[in-house]
Amino acid sequence: MKSTIAKSDAARDAAFRRLLSGAEESGSLIPLLQKTQGLYGYLPERALVRIARRLRLSPAQVYGVATFYGQFRLRPAGRHLVTVCHGTACHVAGAERISEALEGALGIRTGGTTPDGLFTLRNVACLGCCSLAPVMMVGETAHGRLTPAKAKAVLRRRAR
Amino acid sequence: MRARPGWTVTVGMSSCGVAAGAEAVREAFRREIARRRLPAAIRITGCVGMCHREVLAEVSPPGGGATIYGDLTPERAARIVERHLLGGEPVREWIVADDRAPLHALPYFAKQKKIVLRNCGFIDPEEIDDAISMGGYEALRAVLAEGSPEAVIACVEASGLRGRGGAGYPTGAKWRRTRESPGAEKYVICNADEGDPGAFMDRSVLEGDPHTVLEGLAIAAYAVGASRGVVYVRAEYPLAVRRLRAAIGQAERRGLLGRDILGSGFDFSVALMEGAGAFVCGEETALIASLEGGRGMPRLRPPFPAARGLRGMPTCINNVETLANVPWIVRHGAERYAAIGTPGSRGTKVFALAGKVARGGLVEVPMGITLREIIEEIGGGSGTGLPVKAVQIGGPSGGCLPASRFDTPVDYESLKESGAIMGSGGMIVLDESACMVDIARYFLSFTRDESCGKCTFCRVGTKRMLEILDRIALGRAEEGDLDLLEELGRSVGIASLCGLGQTAPNPVLTTLRFFREEYEAHIRDRRCPAKKCRALFRYRVDPSRCTGCGACARVCPVGAVAGEKGRPHLIDEARCTRCGLCVEACPADAIAAE
C-alpha cells in the first residue's frame, strides 16, 4: 500500500469523500478500508464511523473487521515501516535475533513506533523469500541474508 | 513479439530475485550496455526456482546458445557486459548453465518435472505475447471450440488432479458438484492467499506466469458455468498483485477474458481482491466471508461452497497451483498427466525448499519421489556441515519427519500415514542445530495468533498447549506434561471446526512422536540438546583460547561481558540474554554454549 504522506489533510479528506461516494454495498468494506489506510497511513476513528454510516453497518461491525485483519492499523505508522519476517526459514536462520537487535537499536518493542515518528517495527508471518533468510522489508524493499549488524546498518542509512 | 536486436540479457525479477538485488543488477546491465552502445535488449523473467543462486541472468548471443549466470552483483554484471557481450568470452566463474552443461542436466533439475512451473523463469510475465508463444490460452481456445463443459470436467476427473492447497480434494469432483448445484449465478475463486510460513509456490507462479493461472481459472469457469471470478491474493505479495492485475488487463484487451471470449459467446470477467492479512482466510468459507466484507471466520460445512458459496451461490474455489495444472492437462490429455505420479496422487507437486539446505528454491517433482531424493539429490543436503536432522512439511498444519523416515514417498496417503501432511508445499530442512521443542513452539505460537477465535478448543487449547511448551523451554515442566500436551493436542484436533484448528497440533504431535527424547531432556535434565532454548544453556569463555581482544564486549548489547585488555574475558550469566552476538564476534572461537 503506497502511502501518500505528501498530500495535505484537505486533499486527503477530499479523496476520502470520493472513495466513500463510490462505495455502496457491505461486500466492498475491506477494499474500502485498504484504500482509506492507503490515504491516511492508518484508519482514523472518524473515517471508520463515516464508512459505517455509508455502508449502513454499525460502527462495531466495521471496527470488528478492522481489528480482525493484521493489515489494518488504528494508529499512525512511522515514516519507514520495518517488517521483520518470522517465517519458518527465517526463524531457523535467527529472525528473533534480528528483531532483538532492531528493538535495541530503535529503543522500541515490536509493534511500536519511534518517538520521532521515523520507524515502525513489526513482524510478518512470512514474506516468501525463504532462500534469503533472514529477511526484512523496509517500505517495499526487501533486504535478505541479514545479520543483526547488517539489519541495523540498513536502518542507519534510512535514518539519514 | 518485439523485435530483438543482437544480444538479449534476461534478468530474473521475482520477489526473491529482487530481494537479492536484481533491480541493481538490471540497472548495471542497462547502464553498461548503453554506455558501450551495444545492440542488446534487456528483458525480465520470473523465478526459475534456483533461489540459492539469485541474482540470475541469462545472456543470449544473436546466434543462440544462452549462458545463465548466477550470484550476480552490479559489478559482476558490468564485467559480463565487458567480457562476454563485448569480448565474446563468457565469464566462467559465475556460469550456472550453458550449452555444454544445460540447466536440466544440473543435479538440481535432473529429478524435477515441470508442468506448473514450465514457463516460470523463461517468459516475461509482463508480456502476454511471451505466454501466448509458449502455447498460452490454447487450452482455453480448444475447450471453447469443443463447446462441452461436461468433456472438460471428465478430462480433469480422468487426470486424477487433486487440490494443491493442502486438503487434496479431487478437483474434477469439485467442479462437477458446482456445475450440478442450482443457482442463478455461479462463481469461481482462485485461492492465492498463500499463508503458510515457509511457502512461496503460489507467489512464484503468479509472479512468473500469471496467464497460465488466469487460463486455468477461465477453463474452470466455463466448466462449472460461472461468468464471474475472483482471485484472492495475499496483500503481502505486492509484485504478484501488480503482475496479475497487468495480466488481467492484457487478457481483456485481447478478448481472452471479458465478454464473448474468442467469439464463443462465453462471458467471463475476473476481479482481484487483496487479502488483509489473516491466515485463516486460506480456508474456503473464511475466504468467502472476507470477500463479503466480514471477519474471516470459517463456518460449518456442509453446505459446501460448491452448493452455497459467495453470496449464497454455488462457488468453486481452487488453489493457484491446482489451476496452473489445468491448461497443461487439457492440452496434453488426462492420460499423460495421470501417467505421472502414483495411483492415488497423480501429476507433480511444487515445493518451496528452504531452511538448512544447500540448494534451496522452488522445485517441482513427480508425486511418489522420496523425501530423500528431494532433500539430498535436489537440495544437496544441509549445506551447513551439520547432518540433516528432520524436515518440516506442510507448515503449521504439517509435521516434522526425522531423517530416518526420508524414504517416505511424497504422496497424499504416505505423508498422512507418517503423521505429516502434503500441505501446500512448504518444505523446511532442519539440521542438528534445530531444537524440536523450539520448532513446535514456533508453529503453535503462529496458530495461536492466527486462530480466529470461533472454536473454544482452537482459541484456548492452542494457548494452553503453548504454555506447556513455554514451560518445557524454560526448564520448568514436570513429568506428565507431555501426556497432557498429547491429550490436549488430540482434543484441539477433534473439537475444531476448520482445518486451522484440526491440524494446529500436528507440529507438536509429530515432534513428540519422533523426538520424544528431546522433550524429555528438557524436562528431566533441564537441558536443551541443540542449545536453542535460552534458559537451558549458557555461554562461557574458554580462558585458554581467549586473547582478550575485547570484540565480544564491544558487541554485547547488554554489557554482560567484562575483562581487561589482553586478559581472558568473563560473561555475566545473569545479565546475558543468550543472543549469541559475542560467539560470532570472537575471532578465536573461544566462546561456546554449554
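Quick notes on this one:
- Per-residue HN-Hα couplings for the stretch B:477-487 [Karplus 6.51, -1.76, 1.60; θ = phi - 60°; Hz; x = Gly/Pro]: 7, 10, 4, x, 5, 5, 5, 4, 4, 5, 5
- With the convex hull drawn over the C-alpha atoms of the stretch A:9-68, the volume per residue is 70 Å³.
- For the stretch A:149-156, putting each phi into the Karplus relation 6.51 cos²θ - 1.76 cosθ + 1.60 with θ = phi - 60° gives couplings of 5, 5, 4, 5, 5, 4, 5, 4 Hz, in residue order, rounded to whole numbers and with x for Gly and Pro.
- Quotient of C-alpha Rg and 2.2 N^0.38 Å, computed over the stretch B:377-423: 1.17
- Hull shadow area, averaged, the stretch B:517-589 [alpha-carbon convex hull, nm²]: 5.1 nm²
- Less than 5 angstrom separates the built amide H of B:GLY341 from those of B:GLY347, B:MET367, all sequence-distant by 5 or more or on a different chain.
- Within the stretch B:562-594, the residues that become at least 30 Å² less accessible when every protein chain is included than when their own chain is isolated (1.4 Å probe; DNA, RNA and ligands ignored) are B:CYS579, B:LEU581, B:GLU584.
- Summarising the strand pairing of the protein assembly as shown, around 55 percent of its internal DSSP beta bridges are antiparallel.
- Among residues other than A:ARG109 with Cβ under 11 Å from its Cβ, the summed charge is -1 (Lys and Arg +1, Asp and Glu -1).
- Computed from backbone phi with θ = phi - 60° and the Karplus coefficients 6.51, -1.76 and 1.60, the 3J(HN,Hα) list for the stretch B:352-369 is 9, 8, 8, x, 8, 9, 5, 10, x, x, 9, 10, 10, 10, x, 4, x, 5 Hz; x is used for glycine and proline.
- Amide H within-cut-off set for A:PHE119, under 5 Å, with H built and near neighbours excluded: A:ARG79, A:HIS80, A:THR114
- Working from Cα pairs under 8 Å separated by at least six residues, relative contact order for the stretch B:101-258 is 28 percent.
- Residues of the stretch A:82-123 buried by at least 50 Å² of accessible area upon assembly of all protein chains, compared with the chain on its own (1.4 Å probe): A:THR88, A:HIS91, A:VAL92, A:ARG97.
- D (Stokes-Einstein, µm²/s), Kirkwood Cα radius, the stretch B:64-202, 1.002 mPa s at 20 °C: 109 µm²/s
- The B-A contact accounts for approximately 3300 Å² of buried accessible area, totalled over both chains at a 1.4 Å probe radius.
- Whole-number D in µm²/s for the stretch B:411-531 (Stokes-Einstein; Kirkwood sum over Cα pairs; 25 °C, 0.890 mPa s): 167 µm²/s
- With the gyration tensor restricted to C-alpha atoms of the stretch A:80-159, the semi-axes of the equivalent ellipsoid amount to 19, 12, 11 Å, longest first.
- Those aspartates and glutamates that a straight Cα-Cα span of less than 17 Å connects to B:LYS389, excepting residues fewer than 8 apart in one chain: B:GLU373, B:GLU376, B:GLU377, B:ASP407, B:ASP431, B:GLU432, B:ASP438, B:GLU517, B:GLU518
- Charge sum, other residues only, whose C-beta stays under 9 Å from B:ALA78's C-beta, Lys/Arg counted +1 and Asp/Glu -1: 0
- Within the shell defined by Cβ-Cβ distances under 11 Å, the residues around B:ALA220 carry a net charge of +2, with Lys and Arg each +1 and Asp and Glu each -1.
- CD proxy at 222 nm, helix term only [per DSSP H run n ≥ 4: -39500 (n - 2.57); per residue of chain B; nearest 500]: -10000 deg cm²/dmol
- Pairs of Cα atoms nearer than 8 Å and 6+ residues apart set the relative contact order; for chain B it is 11 percent.
- Amide H to amide H, with H built 1.01 Å from N, B:GLY168 comes under 5 Å of B:GLY163, counting only residues 5 or more places away or on other chains.
- Volume per residue of the C-alpha convex hull in the protein assembly as shown, rounded to whole Å³: 177 Å³
- Within the stretch B:123-201, the GluC sites (Glu not before Pro) that combine a DSSP coil assignment with at most 15 other C-beta atoms in a 10 angstrom radius are B:GLU185.
- Pairs with C-alpha atoms separated by more than 32 Å, drawn from the list B:LYS349/B:LYS531; B:LYS174/B:LYS356; A:LYS150/B:LYS531; B:LYS356/B:LYS463; A:LYS35/B:LYS454, are B:LYS349/B:LYS531; B:LYS174/B:LYS356.
- Here the accessible area of the protein assembly as shown is 50 percent carbon and sulfur, with a 1.4 angstrom probe and all protein chains present.
- Normalising the Debye intensity of chain B to I(0), with uniform scatterers on Cα atoms only, and taking log10 at q = 0.08, 0.10, 0.12 Å⁻¹ returns -0.63, -0.95, -1.24.
- Signed unit charges on C-beta, dipole axis of the stretch B:422-521, positive-most listed residue B:CYS455, B:ASN506, B:GLY489: B:CYS455
- Taking one quarter of the surface of the convex hull spanned by the alpha-carbon atoms of chain A gives a direction-averaged projected area of 9.9 nm².
The values are calculated or read from the model by the stated rules, or taken from the named source; none is laboratory data. Since we're looking at a predicted model, the values are computed, not measured. Positions of Cβ are backbone-derived with ideal geometry, glycine not excepted, and every protein chain shown enters the neighbour counts. Side chains included, ligands, DNA and RNA excluded: accessible areas come from the protein's heavy atoms. Shrake-Rupley method; radii C 1.70, N 1.55, O 1.52, S 1.80 Å.
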